[in-house]
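Student: Quick one: the structure is below, and I'll ask about it shortly.
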Amino acid sequence: MAHHAASAHNGHHAEMHEHHVMDVAVYWKVFLALMFFLILTVAAAIFDLQVIIQKATGLNIRGLNIMIMLTIAVIKATLVVMYFMHVKDGTRLTWIWAAAGFVWLLLMFAMIMSDYIARGEVEQAPPGWEQIH
Amino acid sequence: MSVQVKQRRRGHVEPRPEGAVQEVAHQFEDIGQQNESYIVGMWSFLVTEIMFFGGIFMTYIVYRTKYPQTFTIASGELDWKAGFLNTLILLTSSLSMAFAVRNAQLGKRWRTLLCLGITILCAFGFLGVKTVEYSTKWAHHLVPGPNFHFSRHGGEQAAPADRGTSFVEDASPETSGGGAKPEGEIPQHEAQLFFGLYFASTGLHGVHVIIGIILLAYWGGLVQFNARAARDFIPIEMVGLYWHFVDIVWIFLYPLLYLIGSPKL
Amino acid sequence: MDVTTTEPSSARKNYLNWDHSWQSWLFTLDHKRIGILYLISISAMFFLGAVAISLVRVELATPRGDLVESETYNKLFSAHGIIMVFFFLVPSIPATLGNFLIPLMIGARDLAFPRLNLLSWYLFTIGGGFAMTAFITGGVDTGWYFYTPYSSTYSNNQVALTIIGVFIAGFSSIATGVNFIVTIHKMRAPGLTWFRLPLFIWAHYATSVIIVLGTPVVAITLLLVLLERAFRIGVFDPALGGDPILFQHMFWFYSHPAVYIMILPSMGVISELMAAFTKKRVFGYSFIAFSSIAIALLGFLVWGHHLFTTGQSMYAGMVFSVLSFLVAVPSAIKVFNWTATIYKGQVEFTAPMLYALGFIGLFTIGGLTGLFLAAMAVDIHLHDTYFIVAHFHYIMVGGALFGYLGGLHYWWPKITGRMYPEGWAKLAAGITFVGFNLTFFPQFILGQMGMPRRYHFYPEEWQALNVLSSAGASILGLGYAIPLFYFLWSLRYGKLADANPWRAVGLEWRVPSPPPAHNFDEIPIVVWEAYEFVPEDADEAEQDREAMPGVPAGGHE
Ligand SMILES: [Cu+2]
């Protein structure tokens, strides 16, 4: 019925009649990458890099393992969001809303933790914040 | 990178003309508007889910930084191999879910059903492993409440003194000398906090898995028995978004709960 | 689309009269009918909350505790707070006026997800049912913010029921928020760009963003309180290694922004009223629009001002204090722009406009006293006194509720097709204004003298001010009761309203009153700016109007 002015519907016309169907191979590759990272996570937990590095160099990087594991988790989550959840081919609006939750959550973490750190409740510096020796 | 792009191009199979088969609800003007509304709607709902689980992660962060030793030791009581198996199962279910969506997009009804079936199977497998884990924890008095008593049962007993608690080593003088604290020194309520958070987060996640199973079964049934519903892939896509989100939560829960206790092979 | 609207207006089918069966109401997917369902539910909630606080005010008329015991008193103010915050103010404008008007204002046939919309009303009702059960079976005495460890360890089990009720109502709120976000993004009529939207829509968009980002956090927090009650996991119990301040952090992460969930829609209403009754474009349109978004985002960064007297670190307190001052800026921008809109406008002092003018004055007082409280040192003195009570009632009642009442009057002809009696409405607006100030202004003085909130007895020397406050409350009650009667009266005896009784602009005034079930016979194409009262466009606008079937022409000034 009525014609939609392009200005009102930010570009949904562009997407209207095409739909991104991803290649099967893409899904398999993502899956294999997720498997690889899963094994890497466990390996990082089992072979304590922090101890290994400390023994080799005397450098004690606190919370190195958890940092590695969380970095991997972020990579895994990004893969799932981008490919399995199709945000990669999504509209700008989808991108904004897909990012909003994660960004706001980090904000909450930062604001609340800053109180705990300032209170000195944190028994030691948060993992990875300082290097000793 | 350019290879990637090429593949994506090749992957752009034009599905059947959508406007002809997907039905447009009365409040929408065209199918493009309807489809994107559902996707954006689902994502803004997932934002609430992120913040919801985020609250649990917030409490986790606070208490883990407050009681790092206890959390490290208590985490050793969790069976990381069971968690590994469950991660494997969930990632597999995510793959089959992704394929279910793809087949729905292409209008391949039977393949969609097959993939949904595999996803549901994986979900049940996940819950099965979880049940075994929970009952072990119950038997070991690790469920918070009047019966709670933290003592060691898992593989941690064999822990060599120089490993596994390296996190703890230089944290405070009384634990120096390496190795885990003897169990008597671990404040019971701190350990209870860890298990409280463990049950709260995995329980909440489990509830989401159960809801996921119901959604998957419902839409699977519709695809099976209702030709009209089978033509619209958007509901499957939305269930997929939900399912992948549940997967993402687990991706973070697994290392934070199971792997901080320096597991042994 | 196939419905013709050429019959005479009395016989015309509209969303109210096309079907009278109860099923057509309880299973309706029409956003307008769902708005009405919400209107009925929240009005009931409002009067229940009012009854609870009436008893409190009666008790406080004397310095002794003679009417009720301490425990009953605690339950009364808790019931008042819980009902008014979670079951009245949060859904008040969005779920009624927002639900009804957003599709009409943006030229859509419905919200994006009509079934989700109906679900949200059912969730609201179920949640309300849980809370009511808790109040009837024993009552809750924790106050509306359920502070731990009292709520999680010591208080009675009705707390659990109430929390479940609030939790479910939270999902209803989320459903509304998601629906509004998608609708505003995707359902705007052709040509209706973001900067042609009514400011009411901007306000509701900002509100929905807060709902979506904040509500789940309070949901999980309250769920943890439940788990703590059930399993003693200790997250918020210091005796078990938990931290009650963490509860306060997470609770206020939602509950401070929740203040903006309540006030932003009201600000949206005020913008509409300012334009309609000065016949001018709102001054500083884009400033008001962006200030809504700024409030939504900045509002999330200030919750720590509720924790100044707890063990929150001084540094966090300083940051929260500064940010709390900052958040006053976008609110002030709005007030200045509204004032500038009135300047040299032909102000029509109708009842809705009286409420709107009341809003500006009272909200300003509420906002400025908020700055006192944002200053950490002053807050130490005023914390948990009647100064706080007065401050947030100036925002919640003088702001949110006045906006709600103003909006209800303004759109009443659109919703029901009948005019309310203007004389009575002006009287009620006046009574409400006087009653409100008499109730709450003395509380500023009491609080400043150090009278703590939540006690049912007090030293003799504060009696005069308390009696004033209680007297004001009775006048305020009268001010609320009068509209209830004349609104109901007008449903049957009110003058029939034409499509645009206020000669306002906006798409909702271009459809008949009450609107047809499908809103628009043809989706309009918007080629004009928001609040375009410019005379030289009159002819063109006239033609647009005539092109719309079923709309009486010649309404434009
Ligand atoms: Cu606040």
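Bear in mind that the values in this text are calculations on the coordinates, not laboratory data. On a predicted model such as this, the values are computed, not experimentally measured, just so you know. All Cβ positions, even for glycine, are placed from backbone atoms using ideal geometry, and neighbour counts span all protein chains on display.
Student: For C:Val467 paired with C:Trp489, estimate the spin-label separation in nm (one decimal), with each label point 7 Å from Cα along the Cα-to-Cβ line.
Tutor: That separation, rounded to one decimal, is 3.3 nm.
Student: Within 14 Å, Cβ to Cβ, of C:Ile220, how many net charges do the neighbouring residues add up to if Lys/Arg are +1 and Asp/Glu are -1?
Tutor: Neighbourhood net charge equals -2.
Student: Using the Cα atoms of region C:270-418, I'd like the radius of gyration and the largest Cα-Cα distance, Dmax, both in angstrom.
Tutor: Final numbers for Rg and Dmax: 17.3, 56 Å.
Student: Still on this structure, I have one more. Taking a virtual spin label 7 Å from the Cα of C:Phe457 along the C-beta vector, which residues in region C:39-81 bring their backbone nitrogen under 16 Å of it?
Tutor: Flagged as within label range: C:59-74.
Student: Hey, can you grab everything whose amide H is under 5 Å from the amide H of C:Thr385? Only 5+ residues off in sequence or another chain; H modelled, so Pro and N-termini drop out.
Tutor: Those lying under 5 Å, H to H, from C:Thr385 are C:Arg453.
Student: Moving on. Once both labels are modelled 7 Å past Cα along the beta-carbon direction, what's the C:Met449-A:Leu59 spacing in nm?
Tutor: Placing both labels 7 Å beyond Cα along the Cβ direction yields 6.8 nm.
Student: Could you let me know the centre-to-centre spacing of region C:99-120 and region C:35-53, using Cα atoms, in angstrom?
Tutor: For region C:99-120 versus region C:35-53, the Cα centre distance is 22 Å.
Student: Counting other Cβ atoms within 10 Å, which trypsin sites (Lys or Arg not before Pro) in region C:361-462 have at most 11 and lie in a DSSP loop?
Tutor: none
Student: Set the Förster distance to 22 Å, then compute FRET efficiency between C:Ile380 and C:Tyr150 from the Cβ-Cβ distance, nearest 0.05.
Tutor: 0.50
Student: Find out how many positive minus negative residues lie around C:Ala289, taking Lys and Arg as positive, Asp and Glu as negative, among other residues whose Cβ is under 15 Å from that of C:Ala289.
Tutor: Value of the local net charge: +2.
Student: How many percent of Cα pairs in region B:207-251 exceed 15 Å?
Tutor: Result: 43 percent of Cα pairs exceed 15 Å.
Student: Based on the Cβ-Cβ distance of C:Ala44 and B:Leu85, what FRET efficiency does E = 1/(1 + (r/R0)^6) give at R0 = 41 Å, to the nearest 0.05?
Tutor: 0.20
Student: If the reach is capped at under 26 angstrom between alpha carbons, list the lysines near B:Lys137, excluding any in the same chain fewer than eight residues apart.
Tutor: Here the lysines satisfying the reach criterion relative to B:Lys137 are B:Lys66, B:Lys81, B:Lys181, B:Lys264.
Student: When averaged across all projection directions, what area in nm² does the alpha-carbon convex hull of the protein assembly as shown cover?
Tutor: 40.4
Student: Something else: Grab the beta carbon distance between B:Lys108 and A:Phe36, set R0 = 25 Å, and tell me the FRET efficiency rounded to 0.05.
Tutor: Taking R0 as 25 Å, the efficiency between B:Lys108 and A:Phe36 is 0.30.
Student: What is the sum of charges, Lys and Arg at +1 and Asp and Glu at -1, for the other residues whose Cβ falls under 14 Å from the Cβ of C:Arg418?
Tutor: Here the charged neighbours net out to +1.
Student: Can you count the Lys pairs in chain C with C-alpha separation below 22 Å, eight or more apart or on different chains?
Tutor: 17
Student: In addition: Return the whole-Å distance between the Cα centroid of region C:256-304 and the Cα centroid of region B:50-77.
Tutor: Spelled out, the Cα-based centre of one part sits 38 Å from the other.
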